[in-house]
1. Under 7 Å by Cβ, and 6 or more places apart or on different chains, what pairs join a residue from the range 237-254 that is closer than 12 Å to Ser208 by Cα and in contact (Cβ under 8 Å) with a residue 24 or more places away in the chain with one that is surrounded by fewer than 19 Cβ atoms within 10 Å (Cβ to Cβ) and small (Gly, Ala, Ser)?
2. Only one residue in Ile83, Ile122 is among the β-branched types (Val, Ile, Thr), touching a residue at least 60 places away in the same chain (Cβ under 8 Å) and open to solvent by less than 30 Å² (accessible area, probe 1.4 Å). Which one?
3. Could you grab the pairs with beta carbons closer than 6 Å, sequence gap of 6+ or different chains, first residue in the range 290-304 and assigned to a helix (DSSP H, G or I), second one of a type in the set (Val, Ile, Thr)?
4. Report, ordered by the first and then the second residue, all pairs with beta carbons closer than 7 Å, sequence separation of six or more or different chains, a first member in the range 144-157 that is closer than 12 Å to Arg173 by Cβ and free of Cβ contacts under 8 Å to residues at least 24 places away in the same chain, and a second member that is open to solvent by 10 Å² or more (accessible area, probe 1.4 Å) and of a type in the set (Lys, Arg).
5. Checking the condition open to solvent by 60 Å² or more (accessible area, probe 1.4 Å) and touching a helix residue (DSSP H, G or I) at 6+ places or on another chain (Cβ under 6 Å), which residue from Lys105, Lys116 passes?
6. Quick one: would you say Val223 is in contact (Cβ under 8 Å) with a residue 60 or more places away in the chain, under 14 Å from Pro285 (Cβ atoms) and in contact with a strand residue (DSSP E or B) (Cβ under 7 Å, 6 or more places away or on another chain)?
7. Can you tell me which condition Thr136 does not meet? The list is (1) over 15 Å from the mean Cα position of the chain (by Cα); (2) within 17 Å of Val283 (Cβ to Cβ); (3) open to solvent by less than 10 Å² (accessible area, probe 1.4 Å), and all the others hold.
8. So, of the residues in the range 48-59 that are touching a Lys or Arg at 6+ places or on another chain (Cβ under 8 Å) and not in a loop (DSSP other than H, G, I, E, B), which turns out to be least open to solvent (accessible area, probe 1.4 Å)?
Amino acid sequence: MKLLLTGCTGFIGRELIPLLIKEGHNLTVISRQSKEKLKAIADEQSINVIKMNPAESSSWDNEEIQNSLKSCEGVINLAGEPIAEKRWTTDHCKEITNSRIKTTKNLIKNLRNLRKPPKVLINASAIGFYGSHAQTEFTEENIQGEDFLANLCKEWESIAREKPRATRLLIVRIGIVLAKDGGALGKMLPIFRAGLGGPIGDGKQWMSWIHRTDLCNLINESVKNSAWSGVVNGVAPNPVRMSEFSNSLGKSLGRPSLIAVPGPILKLLLGDGARVVLEGQNVQPQRLNKLKFKFSFPSIKVAFKDILT
């Protein structure tokens, strides 16, 4: 298929783009980076790169992007600033919001103007949709939470649902994505390797995670399979508490995991953004199970064994 990709040149895209190329898809990638900077992800002959900021509506007037939209058969939209990497100042919250909301609004507006819209749109969301709770087990049937992230995800998803009637939509509520070259695990590895790792906060909070390979495989499957529509939780079937996550990581590295990071320290660094890490939620991939998706890495031990060897 001819696929148009947004937000796919970062942590997830480093594995997703090579997989889609291997599957034989023809890729046009929208990115704020130049083609030369994307050489680490894919051979420049394998992808067509359009350099633009998709959050700016005027950038979509470009003839090259309009031609790509007319010919594309599928769209994958993963655009969005990382959520838990900086302090949640007013400006950063705007950045988190605009990178998702404005990009998706611009995309949907342009898809609706097409005479022949794409067959499928895969749009990212996050398990932040459900809010945080220590006890509740969340599935796709739960209603949204009430905090900043929950409201952001609700708006993000509702914009995606304005897609053309002929376009099949799959919304993937993504959990904590694990791979060694980025994300939460990428930040934790140097600390744990130095023997200074340990649980964050009280260690009781749930971590609903997914190996990056499984996330890329489910996105790839949803491109091909017309049965995949609606909402799926992009998480592994076995969430763990932070203490178990830390212990498993320490054991996999042959290092202790005793030095806890107190919640107040994290709040000092990330402000309100610390809630993402300190509160957590227990999310289950109910629909992925019904769709018979086979996880290559269903448990945290199996995931760490693959990532760290």
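1. Every condition considered, the pairs that remain are Asn238/Ser299; Arg241/Gly203; Met242/Gly203.
2. On the way: Ile83 fails: open to solvent by less than 30 Å² (accessible area, probe 1.4 Å).
After applying the criteria, what remains is Ile122.
3. Ile300/Val240
4. Matching pairs, first to second residue: Gln144/Lys154.
5. Lys105
6. Details: in contact (Cβ under 8 Å) with a residue 60 or more places away in the chain: yes; under 14 Å from Pro285 (Cβ atoms): no; in contact with a strand residue (DSSP E or B) (Cβ under 7 Å, 6 or more places away or on another chain): yes.
So Val223 fails the test.
7. Unmet for Thr136, out of (1) over 15 Å from the mean Cα position of the chain (by Cα); (2) within 17 Å of Val283 (Cβ to Cβ); (3) open to solvent by less than 10 Å² (accessible area, probe 1.4 Å): (3).
8. Taking the candidates together, the pick is Val49.
The values are calculated or read from the model by the stated rules, or taken from the named source; none is laboratory data. Keep in mind that this is a model prediction, so the values were computed, not measured. Note that we place each Cβ from the backbone using ideal geometry, even for glycine, and neighbour counts take in every protein chain shown. Each accessible area value is taken on the protein alone, full model and side chains, heavy atoms only, with ligands, DNA and RNA left out. Shrake-Rupley method; radii C 1.70, N 1.55, O 1.52, S 1.80 Å.
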